[in-house]
1. Out of all the residues in the stretch 52-74, which are free of Cβ contacts under 8 Å to residues at least 40 places away in the same chain, buried (at least 17 other Cβ atoms within 10 Å of the Cβ) and part of a helix (DSSP H, G or I)?
2. Would you please name the residue that is modelled with the lowest pLDDT, looking only at residues in the stretch 12-54 that are within 17 Å of Arg68 (Cα to Cα) and of a type in the set (Ser, Thr, Tyr)?
3. Return the total of residues in the stretch 28-51 being in contact with a strand residue (DSSP E or B) (Cβ under 8 Å, 6 or more places away or on another chain) and either of a type in the set (Lys, Arg) or in a strand (DSSP E or B) (or both).
Amino acid sequence: MSSVLYDAKDSNPLGKKPPASAGTFTPERLLDSDEAAKIMNVHPKTLQKLARKGIVRGVHVGKLWRFRASTIEDWIQSQLAS
């Protein structure tokens, strides 16, 4: 018989956190080049060029580029600040 300590507040052994899958994490939707370029008011090919140079963060999936809206917004804010 194993002895496991239980927190008096709940039935969670040793007060451990529940697995990550038990949370309500929802990943941010990725924008395609057209959607992200529209936010930045640039041509999609210009945005892709900026991503290839590492100026704007993006993910290259096969032939397609994907961008997080929050990353695009952060980049715009950094450009306004400088």
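The values are calculated or read from the model by the stated rules, or taken from the named source; none is laboratory data. Not measured: the values here are computed from a predicted model. Note: ideal-geometry Cβ built from the backbone for every residue, glycine included; neighbour counts use all protein chains shown.
1. Matches in the stretch 52-74: Thr71 only.
2. Only one residue tops the list, namely Thr26.
3. Of the residues in that region, 3 qualify.
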